[in-house]
Amino acid sequence: MGEDQIGAILQHTIDQGAVTIVFQPIRHVSGALWGFEALSRFSEGVTPESAWAWAARQGLTRTLDRIAVTSAIQASQGLPGLMFVNIAAATLADISFLRHMGHTHRIVWEITESAVTRSIGRWGSRALRAAGYHLAMDDAGRAHSTPERLRWLQPDFVKVDQELVRAYIEEDTRTLLYWVDNAHTLGAHVIAEGVEDPIWIAHLAQAGVDAVQGWAIGRPAAAEDWHHQLLSEFSGGGGGGGNIFHFWCRVRAIGIHEPGIRSGFNGSLARKRAFHRGNECTNIPSCQWHATKTAAVKEDSDAAWRMGITENLPQKPYVEAENREKAMAI
């Protein structure tokens, strides 16, 4: 597709003030739902990569990002758990706009490492944290990314790039373990991106990874599709959702065991890696969900959190901040 065609499509998107948003689930390695990442999709075959590249060339990154962020927050209403939303480096300078999004208890702003190498990025990330938001470092381990820069962002989550995940599965274990150790030292939770095979989950859990995202967990879909699927999953019923419900029980059988402590990281990495033994399906939280909890899926995220639908969610930011301060003092 030519530059003029892409430009015409995206200019129409900007004029309309909305983009299509799909959501991909993020789950604790035990199977419990943590939340979703919001992903932008553009019409007529324009890929996200080409869309953002065009916006950068035209000096319209912040404009398009504002539209994408607003669309993501609006489309996510009613989905349970945390909501991971990507923001461009340029948007970090637009703090008043980001604060206006509200939902500090559930929004996680995903920021790339390159964004925090700039002074405006570091200032913007500190302002978001002061406002009460969760922060995630996105694409950790890509290209020349280094774990030492975690201290600049002080993230609540570290999303490890899919290439690093694949390298770990192919026996290059050192780099992923280095990232996991550095993230946990700061009290951050590690999410492995690009998980393509359920067999990988057990291996990643043993490495200390807290949660997973990828096609093996769930492909991106519209919010309404997830509403239907989650209702079926939590009830253990049919309609396709029940297949996912039993999928996590099978994952349990191939080697994932419930952590000895909750996923809020409150101890050493050795404790984090201490797993209970046993393959009983009933010991896994996702297998304990039943029909009485399905009503909470229809409520806001606070209700879902209170009723335990998203078991093993990380602790609230202020608790994690205390953990980070203790780690930094060591």
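Any read-out appearing in this document is the output of simple, stated calculations on the displayed coordinates, not a laboratory observation. These numbers come from a predicted model, not from an experiment. Quick reminder, even Gly has a Cβ in these numbers, built from the backbone with ideal geometry, and neighbours come from all protein chains shown.
Just a few scattered comments:
- Within-12-Å neighbourhood charge of ARG122 [Cβ basis; K, R +1; D, E -1]: +4
- In plain terms, the residue of SER232, SER96 with the fewest other Cβ atoms within 10 Å comes first and the most crowded comes last, giving SER96, SER232.
- Shape of the stretch 92-235, Cα gyration tensor, a/c cut at 1.5: oblate
- Each peptide in 220-228, 203-211, 73-81 was scored by the mean count of other Cβ atoms within 10 Å over its residues; highest first, the order is 203-211, 73-81, 220-228.
- Loop sites in the stretch 117-164: trypsin sites (Lys or Arg not before Pro), DSSP, at most 16 other Cβ within 10 Å: ARG118, ARG142
- Theoretical gain in end-to-end length, GLN5 to ALA127 [0.36 nm per residue, Cα-Cα removed]: 40.1 nm
- The stretch 29-172: C-alpha gyration tensor shape, a/c 1.5 cut-off, then a/b vs b/c: rounded
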